[in-house]
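One structure is given here, and the rest of the page talks about it.
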Amino acid sequence: MSADRSLEAADDGAPSDSSDPGDASGGLEVVISKVLRLGVVASLTVMTIGVVVGFVDGSLSGDRGALDRLIDPNLAASHRLDAAWESLRSGGAVGIMTLGLCLLVATPLVRVVASLVGFARMGDRIYLVLTSAVVALLALSCALGVTG
Amino acid sequence: MNPLVFVLCALALSALGGLVGSLVGLGGGIVVVPGLTLLLGVDIKVAIAASMIAVIATSSGSAVAYTRDRMSNLRVAMFLEVSTVCGGICGALLVGIANPSLLNGFFAAVLLIAAATMMRRRHDASAGPPSALADRLELHGSYPDARTGREHPYRVSRPAVGFAIMYFAGVASGMLGIGGGVFKVPAMDLAMRLPIKVSTATSNLMIGVTGTAAALIYLLRGDVNPVVAAPVAIGVLGGANLGARLMPRVHDGVLRRLFVVVMVLTAVQMAAKI
């Protein structure tokens, strides 16, 4: 791979600086893949435990009526994070599943922060600026409360 | 249907959504939303919130393999995320102003035109014009092809055009509340001339970030019902992981045709809302 990269760089007529950008980026890709795997495995494990707990403690069992109550669209209040936290503290299935969902949603954010650190360590100013802009825009989007 | 059957059906349905989504670079909402509402009787708002979770699950589940195997282009993703997140915010702010029927009609038409163009390009592997900006940003790369066992180098064209289109892809996802991969892949394929596999894998990496802002808000508002979303996420993660393993062995032409089918289906879904 590094041979291909250097060939390409020669074709570009680009200056071949001491730090091979191809290799450094390849290293970052491995780090990001590991970050994502950690997030995926953690959330998958927690969500699966939540579903199993639900079947064991009876909160996910019952008949058609029980299902209708479980997926009732007017239950939003009981799915807020404060309610889920209460459920989690008592080992409830809904709390455990919500914790897993939060881990899942946090994973791409951790990925962007890992990229930020990676580009900073590589001294890649352009991508440090681009990645910082993405982080700032995500923060802005959450602050505005808009979906994007 | 009792809760056990419901959870098993949601798992199976979402696994299919994750498999398709990871191959074509979208969140799988096109399978998950109609499946949950039409087959399992879930309310549309609950289904859409679960589908935002599915977008993130598809993205992370497939990107584990795609970034490790260098199938997705990290630099292209970071560069384009700036404009697509910008577009997403503008789109969400504009939602109240524009006429929804007009919007759905407009984006459905755009999708059909892009689908026809992508289908025509299936025998055209020609590179676009060279770009000094792409050189400066070191966007070029290469990806492994498991079928031939060779490394395929590629060069990125027209990054500024891709950047601009990606802004409108972001506007579309913000306005319509979708992951937007269906607009991201054509931008990379048609404008930037990335190989189809790199386009879909890079789109997969990107939709996780665009979806996260939306998913956070859904979670905070209590719109995410964990009884629906957790089985969906588990199923999608499994399907996406399988899709990402299959992708290197899938023929480019098959992938392109599958993507065009998904584009047309999405256009039909949008047209139905006019």
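Could you give the angle, 0 to 90 degrees to the nearest 10, between helix B:3-24's Cα long axis and the longest principal axis of the Cα atoms of chain B?
10 degrees
Using the count of nearby Cβ atoms within 10 Å as a rough guide to exposure, how do B:234, A:32 rank from fewest to most?
Numbers: B:234 26, A:32 23.
The order, fewest Cβ neighbours first, is A:32, B:234.
Can you tell me the Rg and the Dmax, both Å, for the Cα atoms in chain B?
Spelled out, the Cα radius of gyration and Dmax of chain B are 17.7, 60 Å.
I need the semi-axes of the equivalent ellipsoid of the protein assembly as shown: take the C-alpha gyration tensor, multiply each eigenvalue by 5, square-root it, list largest first in whole angstrom. Show your work: numbers first, answer last.
Working: eigenvalues 252, 104, 79 Å².
After scaling each eigenvalue by five and taking roots: 36, 23, 20 Å.
If you line up the long axis of helix B:159-176 against the longest principal axis of chain B, both from Cα atoms, how many degrees apart are they, to the nearest 10?
The helix B:159-176 is inclined about 10 degrees to chain B.
Quick one: B:102, A:28, fewest Cβ neighbours within 10 Å first, how do they rank? List each step's numbers first, then the result.
Numbers: B:102 10, A:28 22.
With the sparsest Cβ surroundings first, the list reads B:102, A:28.
Across every pair of different alpha-carbon atoms, what Kirkwood hydrodynamic radius in Å does the range B:54-95 reach? Write out the running numbers ahead of the final one.
Values: mean 1/r = 0.0850 Å⁻¹.
Over the range B:54-95, the inverse of the mean reciprocal pair distance is 11.8 Å.
Normalise the Cα radius of gyration of the range B:1-153 by 2.2 N^0.38 Å (N = residues in it) and let me know the number. All intermediate terms of the calculation are to be shown ahead of the outcome.
Values: Rg = 19.2 Å, N = 153, 2.2 N^0.38 = 14.9 Å.
After normalising by residue count via 2.2 N^0.38 Å, the value is 1.29.
In vacuum, with every alpha carbon of the range A:26-147 counted as one equal point scatterer, what does the Debye formula give for log10 I(q)/I(0) at q = 0.11, 0.12, 0.16, 0.19 Å⁻¹? Two decimals, please.
With no solvent term, the Cα-only Debye profile gives -0.54, -0.62, -0.89, -1.05.
For residue B:273, which lysines qualify as cross-link partners when the Cα separation must be under 28 Å and same-chain residues fewer than eight apart are set aside?
Residue B:273 reaches B:45, B:184.
At what distance in nm do the modelled label points of residue B:151 and residue B:251 sit from each other, each positioned 7 Å from its Cα along Cα→Cβ?
2.7 nm
Arrange A:131, B:210 by Cβ neighbour counts within 10 Å, fewest through most, would you? Please report the intermediate quantities before stating the final value.
Values: A:131 24, B:210 33.
Least to most surrounded, the residues fall as A:131, B:210.
Compute the Cα gyration tensor for the range B:1-50, then decide on rounded, prolate or oblate, letting a ≥ b ≥ c be the square roots of its eigenvalues: rounded whenever a/c is under 1.5, prolate when a/b is larger than b/c in the other cases, and oblate in all that remain.
Details: a/c = 2.76, a/b = 1.51, b/c = 1.83.
Judged from the Cα gyration tensor, the range B:1-50 comes out oblate (a/c at least 1.5, b/c at or above a/b).
Expressed as an acute angle from 0 to 90° and rounded to the nearest 10, what is the orientation of the C-alpha long axis of helix B:226-246 relative to the principal long axis of chain B?
The helix B:226-246 is inclined about 30 degrees to chain B.
Work out the FRET efficiency for residue B:164 and residue A:133 from their Cβ-Cβ distance, taking R0 = 22 Å, and round it to the nearest 0.05. List each step's numbers first, then the result.
Working: r = 16 Å, r/R0 = 0.73.
According to the calculation, E is roughly 0.85.
Each value in this text was obtained by applying a stated rule to the coordinates, not by laboratory testing. Everything numeric in this text was worked out from a predicted model, so none of it was measured. Cβ atoms come from the backbone with ideal geometry, glycine included; neighbour counts cover every protein chain shown.
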